[in-house]
Amino acid sequence: GQLVISGEYKAVELACEKMKEAGAKRALILPVGGAFHSPMMEPAREELAAAIEATTFSTPICPVYQNVTASAVSDPAEIKKNLIIQLTAPVKWTQSVQQMIADGATSFTEVGPGKVLAGLIGKIDKEAITANA
């Protein structure tokens, strides 16, 4: 039920106006710390890639669902590659949650101060159990 776009501030502002004119229930500028998951983060890619490549990753004890592929990943090299791509790639949140459910997940815990993701999961699958920590 939600779609997030990114871009230059003025362009996003104009897009919000156009969406409201077209009948969107709500369109607003999100207060974010950066243009994450968009091509606008390309200048940071090299530094992030160097930091990720310099970090040792072990094989996880359970699959890691990365929002750039919306699939379970266990290979450390692939996890690293996807983390770098994720900086500038769109988030496949709905597809990631749907894949986790298809793979057997029935409950989800959102860690952090908000409840936005737990709420989105509830919209994706009304049977899913959500909690906040």
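Bear in mind these aren't lab numbers, they're just calculated from the coordinates by the rules spelled out. Not measured: the values here are computed from a predicted model. Cβ coordinates were reconstructed from backbone atoms using ideal geometry, including for glycine residues, and neighbour counts include every protein chain displayed.
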- Given segment 21-133, what strands (runs of 3 or more DSSP E) lie entirely inside it while holding 2 or more residues that are among the small types (Gly, Ala, Ser), surrounded by 15 or more Cβ atoms within 10 Å (Cβ to Cβ) and in contact with a helix residue (DSSP H, G or I) (Cβ under 8 Å, 6 or more places away or on another chain)? 71-73
- Does segment 32-46 include one or more residues that are without any contact (Cβ under 8 Å) to a residue 12 or more places away in the chain and more than 28 Å from Val12 (Cβ to Cβ)? no
- For segment 1-24, how many residues meet the condition of being within 24 Å of Val97 (Cα to Cα) and either among the β-branched types (Val, Ile, Thr) or without any contact (Cβ under 8 Å) to a residue 24 or more places away in the chain (or both)? 3
- Task: Tell me which residues, restricted to segment 54-110, are basic (Lys, Arg) and within 14 Å of the chain's Cα centre (by Cα).
- Result: Lys92
- Note on the structure: Cβ pairs under 9 Å, 6+ apart or interchain, first in segment 63-82 and under 14 Å from Glu53 (Cα atoms), second in a strand (DSSP E or B), ordered by first then second residue, are Glu78/Gln66; Ile79/Val64; Ile79/Gln66; Ile79/Val73; Asn82/Val64; Asn82/Gln66; Asn82/Val73
- Item | Selection within segment 1-16 - in a helix (DSSP H, G or I), exposed (fewer than 12 other Cβ atoms within 10 Å of the Cβ) and not hydrophobic (A, V, I, L, M, F, W, C) | Tyr9, Lys10
- Message: Ser107 - would you say it is in contact (Cβ under 8 Å) with a residue 12 or more places away in the chain, small (Gly, Ala, Ser) and closer than 21 Å to Ala131 by Cα?
- Response: yes
